[in-house]
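All remarks here apply to the structure that follows.
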Amino acid sequence: MATKIAVEVVIVRKRRKKRVWTPDQKSEIVHKHLDEHISVRTLEKEYTADRSMICRWVKEYIAEGESAFNPKGHPGNPFAALHTSKNLSELDRLRLMVAKLEIENERLKKGYWVKGVGANKEYITGRGKSTK
């Protein structure tokens, strides 16, 4: 009687740390591809960069030029500074109050509210169950 042996092959990939590319490095790689006609596969091996990422940089460069590689800022929260300032004008104080009430209103619509502040914040659902 023949026995069957099942062999499971598991491929383990090493996770690389997320590499941050400077605008100069991106520009250099894109110019090598476009000006010197070096293939994306060769650049991928040379710089240990992902092929799809290089292709995306090339598309962005063609669409936007050198400005494609400049860091784009995030807008941030306009009310964040209002919490730290002690002497607010009446208009700023009212704007902050309206923003807080709008947030509370949205939370109540979703069925939960917040009890406490900072690390002691506790989210209480409408069903009486509490989650931290």
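Quick notes on this one:
Residue-by-condition table, conditions (1) at pLDDT below 75; (2) out of contact with any strand residue (DSSP E or B) (no Cβ under 9 Å at 6 or more places or on another chain); (3) basic (Lys, Arg):
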position: 57; (1), (2), (3): no, yes, no
position: 61; (1), (2), (3): no, yes, no
position: 90; (1), (2), (3): no, yes, no
position: 104; (1), (2), (3): no, no, no
position: 113; (1), (2), (3): yes, no, no
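- Restricting attention to segment 27-69, the residues that are over 22 Å from residue 17 (Cα atoms), touching a helix residue (DSSP H, G or I) at 6+ places or on another chain (Cβ under 6 Å) and either surrounded by fewer than 16 Cβ atoms within 10 Å (Cβ to Cβ) or among the acidic types (Asp, Glu) (or both) total 2.
- When the residues of segment 1-45 are filtered to those that are in a loop (DSSP other than H, G, I, E, B) and basic (Lys, Arg), the one that is modelled with the highest pLDDT is 19.
The values are calculated or read from the model by the stated rules, or taken from the named source; none is laboratory data. Nothing here was measured: the structure is a model prediction, and the numbers come from that model. Every residue, glycine as well, gets a Cβ built from its backbone with ideal geometry; the counts of neighbours run over all protein chains shown.
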